[in-house]
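Taken together, the values in this text are just the output of simple stated rules run on the coordinates, not laboratory data. Being a predicted model, the structure only gives us computed values, none of them experimental. Cβ: placed from backbone, ideal geometry, glycine included. Neighbour counts: every protein chain shown.
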Amino acid sequence: MINSDVQLFWANDENGNIAIIFDMVEEDRNKKYTCPVCGFEVRPVAIDNKTKTGKVAQVSSHFSHFDASKCSNESAIHYWFKNKILVNGDSFIIKTDVENEYKCKELLVEQFYRTEFGIYRPDITIITECDKTIYFEMNYTNKKKIEDYMDKWLELGNPVVEVDLKALMSASLNKTKYEFKALFYEGKCFNTKKNDLYYDTIGKHKEKTFNTINIDDKMRERISKLDWFWKDVQKYKKYKLTIDYMINIIDSIDETEDKILLVDILKKLKCSDLIENYLKITKDKTSTYLRNELSFIDERITFNTSNGFTQFANIIYGTTYNLTFNNHNIKTITLKLNEQLDYDLKENIKLNVLNIINDENAEITIDNIINNIMLKFNNYNLDITKGHRNIRIKGLYKTRTIFIEIEKDKVLFNKEYWEEVKSVHWRGGKYRQYLKNEFIKKNYITFDFNDYNSVQESIENQILIEINKSKIYKA
């Protein structure tokens, strides 16, 4: 395979010795050098990363062919490995957290491997004596980016090592055993850059996912969305994408686990403006939708955003609203952009509103009944005190406490079983607990909620009976 841009890091000098580009100084620039692979003349370029005029070079240091068509990268790499580093039978070490030793059985160049994510072309493929396939990547040009290769490595599953050519050139060329750093080994990346934000977020997520579960089409789609989001964030930061586009991308990622990772990406890429814009726009849109929906239930329902959630939680789970009606909390809901209130939730809100209305009406009704009774017996020699939903009467032959309750559309009060409730007093809700006793409740007289006059009349009659028993009344 002919390559028009062959870059060598070594060449033969006039005496046939190996000259390493990284060891050269400016005085070596005008000497004659030949390619050890094809034998044609080459020249040093960017010695010490500088041009002839002393400026910083735009390319890395290398030997360049005068006629690049005479040689190829594959030939050069193969030559160096076969003649200077590894040959069949040589042992070498791959360093991960530990050292793993292998022995070379076969060295292959110009190999390519088809994957779901495209073709992978390692610089060298070595088959070991234990039949393990290992890919070698040279870093004489740019170091391989994890985000460009990780999917292919995970699918192929074979170790990938890095050949640090500059370090090898500085080492003895006659070493009996070479050591190589692993880039990928047994499903995990190694020797990543300290500030590799892609690996720290999506990369580690991929490692965990591929090593713990079977990857189906749905999971592949989820991972693909995260990759696209990563790329889109880079474009957004360069003003190539709009905030509306980014909002749609963020909301297309549904799974909570993926949303948490998305937030981690936004934080590490320092996208504070994107976060602020997203939260403002989504809050405005969800608030408008919620206002319209609640107005159909009851226009008196109000809402405000909850202060108990961080901005990142709002991105992951949606905006949280506290719904109130007549100063009563009726519901706390969390709403994502473009999410709609389901039928059951709206019915539950309606029911809560109705219960509040009924409770308020009940309080008014009970209060009216008790006030009317107190007014009616004002001229009797009785000590009548008003409690919460009860009236207590002293001056009878026994102190009586009449309890009034409202359940749904019925008014209940105790008539027949005063003895069972006579010792129950209003003490921080004690009587309410007592009234939950079904034996007592079933003996309460019930009336239609709107017919509270009948309730009042029945209670008055009961009091009159007690007065007659006590004979302590006066007209």
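State the extension gain, in nm to one decimal, for the chain segment bounded by Thr310 and Ile119, taking 0.36 nm per residue of separation less the distance between their alpha-carbons. Walk me through the intermediate numbers first.
Values: separation 191, 0.36 × 191 = 68.76 nm, distance 4.33 nm.
Full extension of this stretch gives 64.4 nm more.
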Legend entry - 10 Å-binned pair-distance histogram of the stretch 277-341 (Cα, whole percent): 21, 56, 22, 1
Inset, instruction - Compute the semi-axes of the equivalent ellipsoid of the stretch 197-270, taking the square root of 5 times each eigenvalue of the Cα gyration tensor, and list them largest first in whole Å. - result: 22, 14, 10
Inset, instruction - Go through Lys188/Lys240; Lys181/Lys270; Lys145/Lys270; Lys144/Lys231; Lys55/Lys270; Lys55/Lys193 and tell me which ones have a Cα-Cα distance over 25 Å in this structure. - result: Lys188/Lys240; Lys181/Lys270; Lys55/Lys270; Lys55/Lys193
Legend entry - log10 of Debye I(q)/I(0), alpha-carbon scatterers only, for the stretch 7-71 at 0.19, 0.23, 0.24 Å⁻¹: -0.64, -0.92, -0.99
Inset, instruction - With the cut-off at 28 Å, report for the stretch 257-402 the share of all Cα pairs above it, as a whole percent. - result: 48
Legend entry - Cα gyration tensor category, rounded, prolate or oblate, for the stretch 326-402 with a/c compared to 1.5: prolate
Inset, instruction - Give me the lysines in straight-line cross-link reach of Lys410: C-alpha distance below 16 Å, same-chain residues under 8 apart excluded. - result: Lys436, Lys441, Lys442
Inset, instruction - Kindly flag which residue pairs out of Lys50/Lys235; Lys152/Lys204; Lys143/Lys177; Lys206/Lys238; Lys95/Lys225 have an alpha-carbon separation exceeding 22 Å in this structure. - result: Lys50/Lys235; Lys143/Lys177; Lys206/Lys238; Lys95/Lys225
Inset, instruction - State the extension gain, in nm to one decimal, for the chain segment bounded by Lys394 and Asn248, taking 0.36 nm per residue of separation less the distance between their alpha-carbons. - result: 45.5 nm
Inset, instruction - Excluding residues on the same chain fewer than 8 positions from Lys469, give the lysines whose Cα lies under 16 Å from its Cα. - result: Lys394, Lys398, Lys415
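I need the calculated FRET efficiency for the pair Lys280 and Lys469, taking r as the beta carbon distance and R₀ as 60 Å, to the nearest 0.05. Write down the numbers at each step before the final one.
Values: r = 72 Å, r/R0 = 1.20.
Efficiency, from the Cβ-Cβ distance: 0.25.
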Inset, instruction - Mind checking the full-extension length gain between Lys331 and Lys376? Use 0.36 nm per residue of separation minus the Cα-Cα distance, one decimal, nm. - result: 12.0 nm
